[in-house]
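Below is one structure, written out as structure tokens; comments come after it.
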Amino acid sequence: MPRVVNIRVYFAALAILSAIVMLAPIRTGDLAGYDDARYALVAKDIVLTGNWTDLKSNGQPALEHPPLLPWIQAALFLKFGFSDPIAKLPSALSGIGTVLLVYWLGRKLTGDRFTALLAMFVMATSVYFIKYTARAMTDVPFTFLFLCSICAWVLSEEDPRWYLRWVCLSAWRR
């Protein structure tokens, strides 16, 4: 008699391993590049000046990118102090959220837990995705918010009140 595979055990194991793989690298190394350092510098300026609306980088207006990542970094800096791992934490947490949402979306669209688990596995083992979860850049948080808006759109098929959430998430990414 074939043994029934419990998908929940695999889901939990993959979720825990994803969290480890995405959180462990943020402790090592400095901010890897110009973008990482720039976002962290803007967040540090927010904390030092207390000005959350007039973002600056080296005394000049920082208007090229959406402010959500520096705001999150600044909030974390206020709570935990200035450090490279704290600057990278929003990307790592967004990566974990993305992997979990991929499972949810896969299950919602296909109705099959195994297919959803496979989609989660593919996302969790994508080399460049893992690489960017350990960087203090907007790539992974953007991916997470984009996926949130897709999930809200899918939910709006069942409940029209989700349309407003989808519009808000879509506008927030810009």
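The values are calculated or read from the model by the stated rules, or taken from the named source; none is laboratory data. Since this is a predicted model, take the numbers as computed values, not measurements. Note that each Cβ is placed from the backbone with ideal geometry, even for glycine, and that neighbours are counted across all protein chains shown. Note: accessible area is taken over every heavy atom of the protein model, side chains too, but ligands, DNA and RNA are not part of it. Shrake-Rupley method; radii C 1.70, N 1.55, O 1.52, S 1.80 Å.
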Put +1 on the Cβ of each Lys and Arg and -1 on the Cβ of each Asp and Glu in region 1-95; which of Ile20, Thr53, His65 then has its Cα farthest toward the positive end of the dipole?
Ile20
Nearest 10 degrees, 0 to 90: what angle lies between the long axis of helix 34-49 and the longest principal axis of the chain (Cα atoms)?
60
Before anything else, pin down the relative contact order of region 14-111: Cα pairs under 8 Å, at least 6 apart, normalised by residue count, whole percent.
35
Could you state the angle between the C-alpha long axis of helix 84-110 and the longest principal axis of the C-alpha atoms of the chain, as a value from 0 to 90 degrees rounded to the nearest 10?
30
In degrees, nearest 10, the alpha-carbon axis of helix 7-23 is tilted away from the dominant principal axis of the alpha carbons of the chain by 20
Picking from Ser94, Leu41, Leu109, whose Cα lies most toward the positive end of the charge dipole for region 1-141 (charges on Cβ: Lys, Arg +1; Asp, Glu -1)?
Leu109
Quick one: net charge around Gly29, please, counting Lys, Arg +1 and Asp, Glu -1 for every other residue with C-beta under 13 Å from its C-beta.
+1
Can you compute the charge dipole magnitude of region 1-78 about its Cα centre, using +1 on each Lys and Arg Cβ and -1 on each Asp and Glu Cβ, nothing else charged? Give it in debye, rounded to the nearest 20.
480
Please work out whether region 38-158 counts as rounded, prolate or oblate from its C-alpha gyration tensor, where a ≥ b ≥ c are the square roots of the eigenvalues and a/c under 1.5 means rounded, while otherwise a/b larger than b/c means prolate and anything else oblate?
prolate
Between Ser83 and Arg161, what length comes free when the chain is fully extended (0.36 nm per residue of separation minus the Cα-Cα distance, one decimal in nm)?
24.1 nm
Let me have the relative contact order for the chain, percent, based on Cα pairs under 8 Å that are six or more residues apart.
24
With +1 at each Lys and Arg Cβ and -1 at each Asp and Glu Cβ, the charge dipole magnitude of the chain around its Cα centre, to the nearest 20 debye, comes out at 420
The percentage of Cα-Cα pairs in region 59-120 separated by more than 16 Å is 60
Can you give me the % of accessible surface on region 1-87 that is carbon or sulfur? Probe 1.4 Å, all protein chains present, nothing else counted.
64
Pairs of lysines in the chain (C-alpha under 23 Å apart; 8 or more residues apart or interchain)
7
